[in-house]
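A quick write-up on the structure given underneath.
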Amino acid sequence: FWWARAGKLDEIELPSKKVDVKKLELLSSYQIEAGQLLSNITNRVSATEGKFRQEKIIAEWRDLLETEPEFKFKVFKFRAIVSSGTYIRSIAHEIGKKLNIGALSLRIVRTRIGDHKLENVISIN
């Protein structure tokens, strides 16, 4: 993380890993206005516990999205079945590159790790 934060990623050789995308299914799509997207991001980032640059992240999104609050973004919801160790955010980035547009992961819900499924989780609250 230090190299990325220092803006020096071009000075090192980044490791790579071959991943297997077994299934990528489009579940839904919709549009969201920049103002609504900013509200969504602000709520999610603010809910994050710990010190993870929340204020800076929100400020940067605000700077980006407040310039055109009526601008509409496309949001696509996918279900992916992938090999162990796959970095899901990189899949969103690769889809954007193939479509020649910017793309990022707005929300990720892990529903399974190996034989362990989210539906079988027992809460200890």
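In whole Hz and in residue order, list the ³J(HN,Hα) couplings for region 4-17 that follow from phi through the Karplus curve 6.51 cos²θ - 1.76 cosθ + 1.60, θ = phi - 60°; x for Gly and Pro.
5, 5, 7, x, 10, 4, 6, 8, 10, 8, 7, x, 10, 9
Once you list every other residue whose beta carbon is under 13 Å from the beta carbon of I91, what net charge do they have if Lys and Arg are +1 and Asp and Glu are -1?
Once all neighbours under 13 Å are counted, the net charge is +4.
³J(HN,Hα) across region 21-31 via Karplus (A = 6.51, B = -1.76, C = 1.60, θ = phi - 60°), whole Hz, x for Gly/Pro?
For region 21-31, the Karplus curve yields 8, 7, 7, 9, 10, 7, 8, 6, 8, 7, 10 Hz.
Write out the chymotrypsin sites (Phe, Trp or Tyr not before Pro) in region 29-68 meeting two conditions: DSSP loop, and at most 12 other Cβ atoms within 10 Å of their Cβ.
Here the chymotrypsin sites (Phe, Trp or Tyr not before Pro) that fit, given the DSSP loop and packing criteria, are F52.
Subtract the Cα-Cα distance of E60 and A80 from 0.36 nm times their separation in residues, and report this length gain in nm to one decimal.
4.3 nm
Taking 0.36 nm per residue of separation and subtracting the Cα-Cα distance, what length does fully extending K18 through R112 add?
31.8 nm
Once the Cα gyration tensor of the chain is found, what semi-axes does its equivalent ellipsoid get, as square roots of 5 times the eigenvalues, in whole Å, sorted largest first?
25, 21, 19
Going by amide H atoms built from the backbone, whose H comes under 5 Å of the H on V82, apart from near neighbours?
Amide H to amide H, under 5 Å and 5 or more residues apart or across chains, V82 pairs with K22.
Can you run phi through the Karplus equation (6.51, -1.76, 1.60; θ = phi - 60°) for region 39-49 and list ³J(HN,Hα) in whole Hz, with x for Gly and Pro?
4, 4, 5, 4, 4, 5, 5, 5, 7, 6, 7
Read-outs: derived from the displayed coordinates by stated rules, not from any lab. On a predicted model such as this, the values are computed, not experimentally measured, just so you know. Glycine also receives a Cβ, built like all others from the backbone with ideal geometry; neighbour counts cover every protein chain displayed.
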